[in-house]
């Protein structure tokens, strides 16, 4: 491993990239230098360019490059109505290959550090372009073709066994949340089918919805659940505060693994961890709390629900730091079921309530760091004006080596 070339504006030790199984993970890369100072404070375009350069530097530490990215995900802050295609075009501009990775670009109102307008997460698989791959692509609107250099948008990518289907919204954004959810989930199902896979191959589902109550979450959650059979993948669905297009009410993405065996596509069995202490959902859904395969461990989004119950009751209601410590203890429990520990984490993704100040981010990171053996793993921090309800302040999920 080479010398770390940039860092977050945060004082404690943290990794910027890590490997688990065949995959390399980069956390929330921003436009920072080796001292954690912002290099460009002059808007989104310059920060995207700097952050993507930092993604490349982080990947290089693990023997990968931009062309090895399978899934790219950005949380960006811009004027409301910013065209998402334009943001994606700027994200993929430094990637020279004709086939683009799967890209999710999420508009957000807050960033973790002062002056920041974008943070970028990447999942790469070194050398995947030299092996078997499949893709589903979609033409970009005519006004953006030049920005994409004539390349199509990748809406599904299978790199050997690993599959990424990026965040999808409904075309019928005039419909209600239930109808939009059905359209999104059916679209994901259809794309996976074109890649020789199904929802049962998913190893992680991530989603976003507009809502401030458990009832609003439950209505869309019940629809999403109908597209899976038990055992379904670990899942994370959190409230959003902006989406593009503006009338979209939900957005969902999936990651999956499927193998090819004797010319046929086959399901890959996975390990399971759901300690009795870890909470259950307040409505019946088929998701698991922890799954492992191909040297990777994936957790569901952990929240501070009371242990071993399905009542949806939060412990330490409304208290971010105690809830963060408690939530991290659930991640420990799940990892222990695979004989793994917190120092095996290769990625943490954290959604937490904040007013958007860097000081709040640093206090939050201090609390997470106190719960991890060794340096923080690559980490994506997404400050939120609110979570599912006023009593819940945090949701965290991770990937570990195992």
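The values are calculated or read from the model by the stated rules, or taken from the named source; none is laboratory data. The structure presented is a predicted model; accordingly, all values stated were derived computationally and were not measured. Cβ: placed from backbone, ideal geometry, glycine included. Neighbour counts: every protein chain shown.
Select from the stretch 266-308 the residues that are in contact with a helix residue (DSSP H, G or I) (Cβ under 6 Å, 6 or more places away or on another chain) and not in a loop (DSSP other than H, G, I, E, B) and write down the one among them that is farthest from residue 23 (Cα to Cα).
302
Before we move on, is residue 248 assigned to a loop (DSSP other than H, G, I, E, B) and in contact with a helix residue (DSSP H, G or I) (Cβ under 8 Å, 6 or more places away or on another chain)? Lay out the reasoning, then the answer.
On the way: assigned to a loop (DSSP other than H, G, I, E, B): yes; in contact with a helix residue (DSSP H, G or I) (Cβ under 8 Å, 6 or more places away or on another chain): yes.
When the stated conditions are applied, residue 248 passes them.
For residues that are within 21 Å of residue 82 (Cβ to Cβ) and buried (at least 16 other Cβ atoms within 10 Å of the Cβ), scanning just the stretch 126-153, find the one that is nearest to the chain's Cα centre (by Cα).
153
Applying the selection to the stretch 126-144, what residues are within 28 Å of residue 77 (Cα to Cα), assigned to a loop (DSSP other than H, G, I, E, B) and at pLDDT 95 or above?
139, 140
Can you give me the number of residues within the stretch 216-237 that are crowded, with 20+ Cβ neighbours inside 10 Å and under 24 Å from residue 352 (Cβ atoms)?
9
Inside the stretch 172-181, can you point out the residues that are in contact with a strand residue (DSSP E or B) (Cβ under 9 Å, 6 or more places away or on another chain) and within 13 Å of residue 226 (Cα to Cα)? Working first, answer last.
Our first condition is that a residue be in contact with a strand residue (DSSP E or B) (Cβ under 9 Å, 6 or more places away or on another chain); within the stretch 172-181, this holds for 177, 180-181.
Selection gives 181 alone.
Failed condition for residue 196, given (1) modelled with pLDDT of 95 or more; (2) more than 25 Å from residue 66 (Cα to Cα); (3) in a helix (DSSP H, G or I), with all others met?
(3)
Can you name the residue in the stretch 63-81 that is out of contact with any helix residue (DSSP H, G or I) (no Cβ under 8 Å at 6 or more places or on another chain) and at pLDDT below 95 and is also nearest to residue 150 (Cα to Cα) among such residues?
Once the filter is applied, the top-ranked residue is 81.
Which condition number does residue 184 fail, the rest of (1) touching a strand residue (DSSP E or B) at 6+ places or on another chain (Cβ under 6 Å); (2) crowded, with 23+ Cβ neighbours inside 10 Å; (3) not in a helix (DSSP H, G or I) being met?
(3)
Buried (at least 18 other Cβ atoms within 10 Å of the Cβ) and either assigned to a loop (DSSP other than H, G, I, E, B) or at pLDDT below 95 (or both), is that true of residue 166? Reasoning before the result, please.
Values: buried (at least 18 other Cβ atoms within 10 Å of the Cβ): yes; either assigned to a loop (DSSP other than H, G, I, E, B) or at pLDDT below 95 (or both): no.
So residue 166 does not fit the description; no.
For residue 349, state whether it is crowded, with 22+ Cβ neighbours inside 10 Å, in a helix (DSSP H, G or I) and either in contact with a helix residue (DSSP H, G or I) (Cβ under 8 Å, 6 or more places away or on another chain) or at pLDDT 95 or above (or both). Can you show your working first?
Numbers: crowded, with 22+ Cβ neighbours inside 10 Å: yes; in a helix (DSSP H, G or I): no; either in contact with a helix residue (DSSP H, G or I) (Cβ under 8 Å, 6 or more places away or on another chain) or at pLDDT 95 or above (or both): yes.
No; evaluated as a whole, the condition is false for this residue.
Here is a yes/no grid of residues against (1) buried (at least 22 other Cβ atoms within 10 Å of the Cβ); (2) within 17 Å of residue 124 (Cβ to Cβ):
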residue	(1), (2)
10	no, no
23	yes, yes
31	yes, no
40	no, no
56	no, yes
59	yes, yes
70	yes, yes
75	yes, no
99	no, yes
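Out of 167, 160, report the one residue that is within 23 Å of residue 187 (Cβ to Cβ) and under 21 Å from the mean Cα position of the chain (by Cα). Spell out the reasoning first.
On the way: 160 fails: within 23 Å of residue 187 (Cβ to Cβ).
Sole residue among the options that is within 23 Å of residue 187 (Cβ to Cβ) and under 21 Å from the mean Cα position of the chain (by Cα): 167.
Return yes when residue 51 is under 28 Å from residue 296 (Cβ atoms), in a helix (DSSP H, G or I) and either touching a helix residue (DSSP H, G or I) at 6+ places or on another chain (Cβ under 7 Å) or touching a residue at least 60 places away in the same chain (Cβ under 8 Å) (or both) and no when it is not.
On the way: under 28 Å from residue 296 (Cβ atoms): yes; in a helix (DSSP H, G or I): yes; either touching a helix residue (DSSP H, G or I) at 6+ places or on another chain (Cβ under 7 Å) or touching a residue at least 60 places away in the same chain (Cβ under 8 Å) (or both): yes.
Yes.
Can you find a residue that is closer than 20 Å to residue 104 by Cα, surrounded by fewer than 23 Cβ atoms within 10 Å (Cβ to Cβ), touching a residue at least 60 places away in the same chain (Cβ under 8 Å) and out of contact with any helix residue (DSSP H, G or I) (no Cβ under 6 Å at 6 or more places or on another chain) anywhere in the stretch 13-20?
no
Starting from residues that are without any contact (Cβ under 8 Å) to a residue 24 or more places away in the chain and either within 15 Å of residue 233 (Cα to Cα) or touching a strand residue (DSSP E or B) at 6+ places or on another chain (Cβ under 8 Å) (or both), keep the ones in the stretch 281-325 and report whichever is surrounded by the most Cβ atoms within 10 Å (Cβ to Cβ).
Among those residues, the one meeting the criterion is 315.
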